[in-house]
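Working notes, structure below.
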Amino acid sequence: MLKDGTYAAWYKTPLDQGTGIVHVADGQIWGRDSLMTYHGSCQVDGDHFTATVSTKRHTDGRATVFGNDDELTLTIEGNCPGKIATYTATAVQVPGMILQGTLILTEKQPPAPERTEQMPAFNPNKLPKLSKRSR
């Protein structure tokens, strides 16, 4: 099941590949990569999900994974049986091209335990000494 959270995204088309960050919450999906921002809505039905996402370029430069189209409307279908989702997407503006992707749910690390002992003061005299070299 595609859970609310933050996902690392990897995707590719026959032209190129890329990575980004995707957020899912309350039926909405949004994110960004090095060239584009994207936002839209998603529907989850068990392990299956669908989404409609609009993209917009935020940085000039190289072509997107679909070519030079700056604004796209993606139709996404995928499965997420656990913490890793796989999906395919098509863009209305680029008929016939299929994007394949993977979303990996990021998990928050537990906070580091607080130090209870006092850190010793730095004493440079306790550093190891280098041997003397003859010239």
Selection status of T64, modelled with pLDDT of 95 or more, surrounded by 13 or more Cβ atoms within 10 Å (Cβ to Cβ) and polar (S, T, N, Q):
no
Counting only residues that are free of Cβ contacts under 8 Å to residues at least 24 places away in the same chain and part of a strand (DSSP E or B), how many does region 13-30 have?
8
Filtered residues of region 47-67 (kept if touching a residue at least 40 places away in the same chain (Cβ under 8 Å) and either within 22 Å of L103 (Cβ to Cβ) or acidic (D, E) (or both))
D47, F49, T64, V65, F66
Taking into account only those residues within region 79-95 that are among the β-branched types (V, I, T) and over 11 Å from H48 (Cα atoms), which is surrounded by the fewest Cβ atoms within 10 Å (Cβ to Cβ)?
V92
For region 68-109, give me each residue that is among the β-branched types (V, I, T), in a strand (DSSP E or B) and in contact (Cβ under 8 Å) with a residue 60 or more places away in the chain.
I98, T102, I104
Could you tell me which of the residues T90, T6, T55 is of a type in the set (V, I, T) and more than 24 Å from T106 (Cα to Cα)?
T90
Please verify whether region 105-118 includes one or more residues that are closer than 15 Å to A9 by Cα, surrounded by 10 or more Cβ atoms within 10 Å (Cβ to Cβ) and out of contact with any Asp or Glu (no Cβ under 6 Å at 6 or more places or on another chain).
yes
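The values are calculated or read from the model by the stated rules, or taken from the named source; none is laboratory data. Only a predicted model underlies this, so the values are computations on that prediction, with no experimental measurement involved. Backbone-built Cβ (ideal geometry, glycine too); neighbour counts: all protein chains shown.
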